[in-house]
């Protein structure tokens, strides 16, 4: 008598979230405050499935404080490109301790890839897209592997490419949440003051958007907050975020 046919192993490749799901979330939370929205999602359907991703930059404390007010055990992901300002690393540690986060996850570039693709450490100077892919995008992809959703600190006012930023996006099968998409600088400043949050030490020196040290410069009065990023290059995003094409009518 023959052996029964072996059951085939099936791998579920269905995305956790689709563009339609993101648009439904956008409609569901229309008019709901960022704080209320985060509370409902973090203690509800996304509990254990979501991480907060932070650059610990000039405005990061606001969103991180909101998350900590709900659940300090939410994983916080930081990609250390190994080109960061020392001030950013110190601020990261200060803020994470002050807010009480219990699960700060630091991801770095793959050293094997660095040895192959950026042996001199100067790729940023002639191929910033390739450098970002190597030092930011690839580490973040590894960091987000266990999660179905992630929280981003982007805001619509930061640059012309972000003006149509929605609160919810689909990103590689995950739900990307931008709770502060419709916040402006005045609202952020008021939140900093109300909750006595520490500022990034470089902000007072004119660095309004802070990334890697070689590709970050001071911002002149009247410029977009992100004008100091990749100055002299035709580049506006690091690759983690693409310029949004959101259309609420689609």
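The values are calculated or read from the model by the stated rules, or taken from the named source; none is laboratory data. In this text the structure is predicted, and so the values were computed from the model without any measurement. No Cβ is skipped: glycine too gets one built from the backbone with ideal geometry, and neighbour counts run over all protein chains shown.
Determine, yes or no, whether residue 52 is at negative phi, crowded, with 20+ Cβ neighbours inside 10 Å and part of a helix (DSSP H, G or I). No: the conditions fail for residue 52. Counting only residues that are more than 24 Å from residue 190 (Cα to Cα) and either touching a helix residue (DSSP H, G or I) at 6+ places or on another chain (Cβ under 9 Å) or in contact (Cβ under 8 Å) with a residue 12 or more places away in the chain (or both), region 43-75 holds 9 of them. Here region 1-29 is the region considered, the condition is being part of a loop (DSSP other than H, G, I, E, B), out of contact with any helix residue (DSSP H, G or I) (no Cβ under 8 Å at 6 or more places or on another chain) and at pLDDT 95 or above, and the residue that is surrounded by the fewest Cβ atoms within 10 Å (Cβ to Cβ) is 18. Only residues that are under 15 Å from the mean Cα position of the chain (by Cα) and more than 23 Å from residue 135 (Cα to Cα) were counted across region 67-84, and they come to 2. Out of curiosity, is residue 101 within 22 Å of residue 208 (Cβ to Cβ) and buried (at least 20 other Cβ atoms within 10 Å of the Cβ)? So residue 101 fails the test.
Here region 90-100 is the region considered, the condition is being within 21 Å of residue 139 (Cα to Cα) and in contact (Cβ under 8 Å) with a residue 12 or more places away in the chain, and the residue that is farthest from the chain's Cα centre (by Cα) is 90.
Checking residue 180 against (1) touching a strand residue (DSSP E or B) at 6+ places or on another chain (Cβ under 9 Å); (2) surrounded by 20 or more Cβ atoms within 10 Å (Cβ to Cβ): exactly one of these is not met. Which one? Result: residue 180 fails condition (1) only. The sole residue among 248, 146, 198, 221 that is assigned to a loop (DSSP other than H, G, I, E, B), out of contact with any helix residue (DSSP H, G or I) (no Cβ under 7 Å at 6 or more places or on another chain), modelled with pLDDT of 95 or more and more than 23 Å from residue 130 (Cα to Cα) is 146.
Within 20 Å of residue 175 (Cβ to Cβ) and surrounded by fewer than 21 Cβ atoms within 10 Å (Cβ to Cβ): is that true of residue 112 in this structure? Judged against the criteria, residue 112 is not a match. Only one of the numbered conditions (1) surrounded by 13 or more Cβ atoms within 10 Å (Cβ to Cβ); (2) closer than 19 Å to residue 217 by Cβ; (3) more than 20 Å from the chain's Cα centre (by Cα) is not met by residue 125, and that is (1).
Scanning region 203-215 for residues that are out of contact with any strand residue (DSSP E or B) (no Cβ under 7 Å at 6 or more places or on another chain) and either crowded, with 20+ Cβ neighbours inside 10 Å or part of a helix (DSSP H, G or I) (or both) yields 203, 204, 205, 208, 214.
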